[in-house]
1. If you plug each phi of the range 83-98 into the Karplus form 6.51 cos²θ - 1.76 cosθ + 1.60 with θ = phi - 60°, what whole-Hz ³J(HN,Hα) values come out, in order, with x for Gly and Pro?
2. So which GluC sites (Glu not before Pro) in the range 1-102 pass both tests, a DSSP loop state and at most 11 other Cβ atoms within 10 Å of the Cβ?
3. Find the relative contact order for the chain and round it to a whole percent, using C-alpha pairs within less than 8 Å whose residues are 6+ positions apart.
4. Rounded, prolate or oblate: pick one for the range 1-64, where a ≥ b ≥ c are the square roots of the eigenvalues of its C-alpha gyration tensor, a/c under 1.5 means rounded, and failing that, prolate if a/b is larger than b/c, else oblate.
5. Name the residues whose placed amide hydrogens come within less than 5 Å of the amide hydrogen of residue 60, ignoring near sequence neighbours (fewer than 5 apart) on the same chain.
6. Placing +1 on the Cβ of each Lys and Arg and -1 on the Cβ of each Asp and Glu in the chain, which of 121, 32, 20 has its Cα farthest towards the positive end of the resulting dipole?
7. Report, by chain and number, residues whose modeled amide H sits under 5 Å from the one on residue 55, excluding near sequence neighbours (fewer than 5 apart, same chain).
8. Of the chymotrypsin sites (Phe, Trp or Tyr not before Pro) in the range 31-62, which ones lie in a loop per DSSP and count no more than 13 other C-beta atoms within 10 Å?
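Taken together, the values in this text are just the output of simple stated rules run on the coordinates, not laboratory data. Because the structure is a prediction, the values reported are computed rather than measured. Here the Cβ positions follow ideal geometry from the backbone for every residue, glycine too, while neighbour counts run over all protein chains shown.
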Amino acid sequence: MEKKKPKSVFIQGAISSEFIGTSIAKHQTKTSIGAHNIFLGQVRADEIEGKTVTAIDYSAYEEMANQKFYEIREATFEKFDLTCMHIYHSLGTVKAGEICLFVFVSSPRRKIVFEALEYIVEAIKADVPVFGKEIFEDQTHQWKQNSI
C-alpha cells in the first residue's frame with residue numbers, strides 16, 4: 001500500500017457545526033462502521049487575573065505541524081483498528097464558544113473509538129506545534145499554556 005503524504009489539517013477560523021454535520025453524514029454510506037467518536041475542542045472564556053478570554057488566535061509552523069499530525073495519524077492506525085480518522089484544527093481567530101479542534105474516528109467496534117480518540121487528542125496536545133494567543137476583552141493577550 002502506498003503511503004499517503006501529509007495533508008493540511010488546518011481550517012481558517014472556527015470549525016462550523018455545518019462542517020461537522022457534513023463530515024458525519026458522509027460516513028453513512030460506510031456500512032462496515034459500527035461506531036464513531038468525536039472530540040470537539042471549544043475555546044473557553046477563562047478568567048485569568050481578572051480578565052476574560054474572548055478569543056484565541058491560533059498559529060502554527062504549518063509544515064512541521066502537519067508532519068506531526070501525519071505521524072500521529074500513522075501511529076494511531078497502527079495501534080488501533082480504525083476505519084476512518086479525521087483531524088481538523090483552526091488557524092486564526094476563534095471566539096469563545098466556537099470549535100477549534102475536531103477529531104473524528106470510526107471503527108467496526110465501539111471500544112476502539114474511545115481508546116483511539118483519547119490517544120489522538122493527548123498526542124496532539126503533547127506533540128503538535130500549534131500556538132494559541134489568548135485575547136482578552138481589553139485587547140491585551142498572553143500565550144496559552146496547555147494543561148491536562
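1. Working through the residues one at a time gives 8, 9, 8, 9, 10, 9, 10, 6, 10, x, 7, 10, 6, 3, x, 8 Hz.
2. 2, 49
3. Normalised by residue count, the contact order of the chain is 35 percent.
4. Oblate, because a/c is 1.5 or more while a/b does not exceed b/c.
5. HN-HN under 5 Å from residue 60: 131.
6. Checked the options; the winner is 32.
7. For residue 55, whose amide H was placed from the backbone, the distant partners under 5 Å are 96, 135.
8. 61
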